[in-house]
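Worksheet: one structure, shown below.
The values are calculated or read from the model by the stated rules, or taken from the named source; none is laboratory data. Only a predicted model underlies this, so the values are computations on that prediction, with no experimental measurement involved. Note that each Cβ is placed from the backbone with ideal geometry, even for glycine, and that neighbours are counted across all protein chains shown. All accessible areas refer to the heavy atoms of the entire protein, side chains included, with ligands and DNA or RNA removed. Shrake-Rupley method; radii C 1.70, N 1.55, O 1.52, S 1.80 Å.
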Amino acid sequence: MYLVPIIIGSKSDMVFANKAKRKLETLGIQSVIRVASAHKSTDHLLKILDVYEDAKNVKVYITIAGLANALSAVIDSNVASPVIACPVYSKSFNGVDIFSSLRVPSNVCPMVLLDIDNAALAAAKILGVLDPTIRQRILQVHQDSINKIIEDDSTIDKER
């Protein structure tokens, strides 16, 4: 069984977590949403990670946090599974706080994607390496995108 734990830094990130959860559901992948802050509740975060790391299922973590995004790096440095960071854009800092997701210490390697749907799709692609059913669903997502572009092209006036 596969699992994508979606760990958010605060409940205000729930809208993004639900969006990822829905995307994963369309691909037939189970996910669970948890709230933990690397800064404010480190012990709580590590206990959550212990539960998932003790489980025998294959997993990919998605982290959603803004500001000083230590969540992604702390999770990545405590698990062997892939971590996909999806930092929340901060208008108050004009997005500059993204560097906290990009500049991490050596041997810490969360992948960073800014779009939550793409983060969910990336998690699915990682799991699809092991599961042909998931891989086929991803190929269908790609085909649907191709079909949409071709359909859009057919509906516009084109100069000859």
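With the charge dipole of the chain set up from +1 on Lys and Arg Cβ and -1 on Asp and Glu Cβ about the Cα centre, the Cα lying farthest toward the positive end among the listed residues N118, I84, I156 is that of I84. The structure shown yields Cα extents along the principal axes in Å, and of the options (1) 63, 40, 29; (2) 71, 32, 27; (3) 73, 43, 31 that calculated value carries the label (1).
How much length is gained if the chain between V51 and E25 is pulled fully straight, taking 0.36 nm per residue apart and subtracting their Cα-Cα distance, in nm to one decimal?
Working: separation 26, 0.36 × 26 = 9.36 nm, distance 2.20 nm.
Extending this stretch completely gives an extra 7.2 nm.
For N69, the residues whose amide H sits under 5 Å from its own are S100, S101, ignoring neighbours fewer than 5 places away on the same chain, with H placed 1.01 Å from N.
For the chain, the per residue solvent-accessible surface stands at 59 Å², with DNA, RNA and ligands left out and a 1.4 Å probe.
Can you tell which of N107, N78, N69 shows the greatest fluctuation in a Gaussian network model of the chain with Cα springs below 10 Å? For the chain, modelled as a Gaussian network with Cα springs under 10 Å, the answer is N107. Against the chain, whose longest principal axis comes from its Cα atoms, helix 14-26 is set at around 60 degrees. For the pair V129 and K148, label points projected 7 Å from Cα toward Cβ lie 2.7 nm apart. Of all lysines in the structure, those lying under 18 Å Cα to Cα from K40, and not within fewer than 8 positions of it along the same chain, are K11.
Pairs of Lys residues in the stretch 44-160 are counted when their Cα atoms are under 25 angstrom apart and they lie 8 or more places apart or on different chains; the count is 6.
Cross-link partners of K21 among aspartates and glutamates, defined as those whose alpha carbon lies under 14 angstrom from its own and excluding same-chain residues fewer than eight positions apart: D13, D115, D117.
Shown for the chain: the carbon plus sulfur share of the solvent-accessible area, taken with all protein chains present and a 1.4 angstrom probe, equals 56%. In the distance distribution for the stretch 1-78, Cα-Cα pairs more than 15 Å apart total 52 percent.
Remark: spin-label model distance S10-N107 equals 3.3 nm, labels positioned 7 Å along the Cα→Cβ axis.
In order along the stretch 41-55, the Karplus-derived 3J(HN,Hα) couplings, from 6.51 cos²θ - 1.76 cosθ + 1.60 at θ = phi - 60°, round to 9, 4, 4, 4, 4, 5, 5, 4, 4, 4, 4, 6, 6, 6, 5 Hz, and Gly and Pro are given as x.
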